[in-house]
Amino acid sequence: QVQLVESGGGLVQPGGSLRLSCAASGSIFSIYAMGWYRQAPGKKRELVAAITSGDSTNYADSVKGRFTISRNNAKNPVYLQMNSLKPEDTAVYYCRARGGVLDSWGQGTQVTVSS
């Protein structure tokens, strides 16, 4: 079992920045990859960015060059630095941890980009 807690969401103006954090607890040794997903009202949940235990990363085309996923040497927490935010980035952002049979989600944090 892995528990995930997201933080760092909020209201920001277009062009602004936010940093989301995802702290994992429990059987974190079983985690192979962690990712950030988002879901806007009326839309499907989509992958934003992911990072593996070997620090390989991948990003949705819509956020490349603006968002960066990272973590410190302890591999926990995982961060999502979001720059040059746009209104279309507004969504609930979820953290996900995967590894073997593990597939855990956090409760989500709201990001609203509006003037």
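The values are calculated or read from the model by the stated rules, or taken from the named source; none is laboratory data. In this text, all values refer to a predicted model and were calculated from it rather than measured experimentally. Using ideal geometry, Cβ is built from the backbone for each residue, glycine included, and neighbour counts are taken over all protein chains shown. These accessible areas exclude ligands, DNA and RNA; they are computed on the full protein's heavy atoms, side chains included. Shrake-Rupley method; radii C 1.70, N 1.55, O 1.52, S 1.80 Å.
Could you please give the count of residues in segment 52-62 that are in a loop (DSSP other than H, G, I, E, B) and touching a strand residue (DSSP E or B) at 6+ places or on another chain (Cβ under 9 Å)?
Filtering segment 52-62 down to residues in a loop (DSSP other than H, G, I, E, B) leaves 53-56, 60-62.
The next check asks that each one be touching a strand residue (DSSP E or B) at 6+ places or on another chain (Cβ under 9 Å); those that pass are 53, 55-56, 60, 62.
Summing the residues that are in a loop (DSSP other than H, G, I, E, B) and touching a strand residue (DSSP E or B) at 6+ places or on another chain (Cβ under 9 Å) in segment 52-62 gives 5.
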Next item on the list: State whether one or more residues within segment 22-32 are under 17 Å from Ser84 (Cα atoms), out of contact with any Pro (no Cβ under 8 Å at 6 or more places or on another chain) and either open to solvent by 60 Å² or more (accessible area, probe 1.4 Å) or of a type outside the set (Phe, Trp, Tyr) (or both).
Entry: no
Note to self: Testing Gly65 on (1) in contact with a Phe, Trp or Tyr (Cβ under 9 Å, 6 or more places away or on another chain); (2) over 21 Å from Gln107 (Cα atoms); (3) not in a loop (DSSP other than H, G, I, E, B), one condition comes back false. Which one is that?
What the structure shows: (3)
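Among the candidates Ser56, Ser84, which residue alone is touching a Gly at 6+ places or on another chain (Cβ under 9 Å) and of a type in the set (S, T, N, Q)? Full working, then the answer.
Numbers: Ser56 fails: touching a Gly at 6+ places or on another chain (Cβ under 9 Å).
Going through Ser56, Ser84 in turn, the sole match is Ser84.
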Notebook entry, point to check: Out of (1) open to solvent by less than 70 Å² (accessible area, probe 1.4 Å); (2) over 17 Å from Gln3 (Cβ atoms); (3) not in a loop (DSSP other than H, G, I, E, B); (4) not aliphatic (A, V, I, L, M), what's the single condition that is false for Pro14?
Noted result: (3)
Margin query: So Val92 passes all but one of these: (1) free of Cβ contacts under 8 Å to residues at least 12 places away in the same chain; (2) open to solvent by less than 50 Å² (accessible area, probe 1.4 Å). Which condition number does it fail?
Written below: (1)
Checklist line | Sole residue being within 20 Å of Val2 (Cβ to Cβ) and surrounded by 17 or more Cβ atoms within 10 Å (Cβ to Cβ), chosen from Gly54, Gly35 | finding: Gly35
Item checked: Whichever residue in segment 54-76 is without any contact (Cβ under 8 Å) to a residue 12 or more places away in the chain and of a type in the set (S, T, N, Q) and, among such residues, is farthest from Tyr37 (Cα to Cα) -> Asn73
